[in-house]
Structures are given as C-alpha cells and as structure tokens.
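The values are calculated or read from the model by the stated rules, or taken from the named source; none is laboratory data. Fair warning: this is a prediction, and the values are worked out from it, not measured in the lab. So basically every Cβ, Gly included, is an ideal-geometry build from the backbone, and we count neighbours across all protein chains shown. Ligands, DNA and RNA are excluded from the accessible area calculation, which covers all protein heavy atoms including side chains. Shrake-Rupley method; radii C 1.70, N 1.55, O 1.52, S 1.80 Å.
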Amino acid sequence: MKGVIFVELIKMAEQTFGEDAVDTVLEKAELENGGAFTTVGNYPCSELVKIVLAFSDHSGLSPDALQRAFGNWMMGVFLENYPEFFVDKTSAFAMLEAVDQEVHFEVKKLYPEAELPRFDTRRHGDNRLEMIYSSPRPLDAFCEGLIEACLAHFGEEGSIRRVAHPDTPTSTTFDITLTGERQNG
Ligand code: HEM
C-alpha cells in the first residue's frame, strides 16, 4: 500500500488528536518500521490496520468510524492532487462509475505497485447505484467514507447501505440511493 496513504492517515490523526498523542500511539502500536512512513515508500496494509486499531484504542472511536473519517479525508487529498479526474464528471454516480476503469486504471499505470480494489457497478435508474467492492484488504469502511465524500463533493445527498456477501468475504456491496435535491452539476 502506497506511503501517501500512511502519511495522510498520520496527518489526519495529528489534526484530530494532536502531535504528542500521535507519537505516543504510534510508539505503542509496535509497527514494523517504528512508525516512519514516506510518500515514496510502500508498506503492508496490515500496518495500516494496526494504526487504525491503535487510534481506536486511544480515542474510543470504533475502527469503522475512523476508517470512514479517513475515507472522507482522502477524498479531499484526491481532489486536491488529482482534480483532472473530477472536472469532467457532472454527478457523484458518474464519478463512482469511473473509478474502476478510469481512475484506478490510470493510477495503476502511474504506480504499478499500487494495490487497488475492483469495482463493479450496477445502475438502477437515476437515483440508485450498486457498487460492488472487491479487495483482499479489509478497507470497506474506508471505501464508504470515500463514497460519502464523493456525494458531498457533488452536492448530493443519499443513503449508503453496506451489504456483506457471506459467501465472498472479500466483497461488499454499497447500495447507494440518492435523496434530496441535487445542488449542482
Ligand atoms: C471516487 C471514489 C473512489 C473510491 C470509492 C476509491 C476506493 C479506493 C479504495 C477502497 C482503496 C483502498 C485499496 C483497497 O481497498 O483495496 C483505494 C486506493 C487508492 N485509490 Fe482510490 N477510490 C476513489 C477515487 C480515487 C481517486 C480520485 C484517486 C486519485 C488518483 C484514487 C487513487 C487511489 C490510490 C493511489 C490508492 C492507493 C493504492 C495503494 O495504496 O497501493 N482513488 N481507492
């Protein structure tokens, strides 16, 4: 998993819990490399999971809530660093439908070592999209945070239902239904 993800998680934690707390939590988390991450490095996803659990212990927030918050945070980072993927999209669904074949496809070309999930999408009319997330990494709550933030970016409101696949634990369906008025786009 790319170092930028670790660097941003630690930035979010510093902003939320303060730098001193972050140092203490990372020390206690017994990370393989002592908690030093650079944007150019690559690190195992299991280390990310360890960091999330350590901050969950520290804060009392659930790992799920922390992952979702981090998904929201990362959408801000993507918008700032890769605006070109967003500018030609007129809705959240158009953006979400483009992640697999366009956005992550380009990411993989730029960074062949990137570990990306697979998405299959199914549209049910204008207001409902099923997005099936498949990944060996346990980041479904992070993914939900990204989807939430994507809706917010396009000024849309909706509900996101997370549906597990008992026979395929590496897949989760996000069943997204738009409610309320579109603000723009
Ligand atoms: C808009 C909705 C998006 C969703 C739902 C989404 C979803 C995800 C998820 C869930 C992961 C974690 C890896 C995994 O679960 O297997 C991920 C990783 C990543 N995504 Fe996206 N993504 C989105 C947009 C973007 C955009 C706009 C970019 C910009 C370039 C991007 C670049 C990346 C990168 C660089 C990684 C890390 C890969 C690694 O660490 O090896 N994604 N994405």
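Per-residue accessible area for THR177 at 1.4 Å probe radius, Å² rounded to 10?
Its accessible surface works out to 50 Å², give or take rounding.
Keeping every protein chain in place, order GLU115, GLU27 by accessible area at 1.4 Å, biggest value first, i.e. largest first.
From most exposed to least exposed: GLU27, GLU115.
Identify, among GLY18, ALA65, ALA114, the residue whose Cα sits farthest towards the positive end of the charge dipole of the chain, taking +1 on the Cβ of Lys and Arg and -1 on the Cβ of Asp and Glu, with the dipole about the Cα centre.
It is ALA114, whose Cα lies furthest towards the positive end.
Within the chain, what is the number of lysine pairs with alpha carbons under 26 Å apart, leaving out pairs fewer than eight places apart on the same chain?
The number of close lysine pairs in the chain is 13.
Ignoring everything but the protein chains, give the 1.4 Å probe accessible area of TYR82 in square angstrom, nearest 10.
Surface accessible to solvent at TYR82 totals approximately 60 Å².
At 7 Å along the Cα-to-beta-carbon direction for both VAL163 and LEU110, put a label point, then send me their distance in nm to one decimal.
Each label point lies 7 Å from its Cα, and together they span 3.3 nm.
Report the accessible area of LYS108, computed with a 1.4 Å probe over the heavy atoms of all protein chains in place, in Å² rounded to the nearest 10.
We get 90 Å² for LYS108.
What are the membrane-span-like helices in the chain by this rule: whole DSSP H runs, Cα extent along the axis at least 18 Å, mean Kyte-Doolittle hydropathy at least 0.5?
Once both thresholds are applied, what remains is 3-17, 45-59, 140-153.
Based on the alpha-carbon gyration tensor of segment 3-61 and its eigenvalue square roots a ≥ b ≥ c, which shape applies: rounded if a/c is under 1.5, prolate if not and a/b is larger than b/c, or oblate?
It is prolate, given that a/c is not under 1.5 and a/b is the larger ratio.
Starting from 0.36 nm per residue, how many nanometres of slack lie between VAL77 and LYS28 once their C-alpha separation is accounted for?
Contour length minus Cα-Cα distance gives 14.9 nm.
What are the principal axis extents of the Cα atoms in the chain, in Å, biggest first?
Largest first, the chain extends 49, 37, 36 Å along its Cα principal axes.
For THR121, THR172, THR90, write out the residues from largest to smallest accessible area, computed with a 1.4 angstrom probe and no ligands counted.
The ranking, largest first, comes out as THR90, THR121, THR172.
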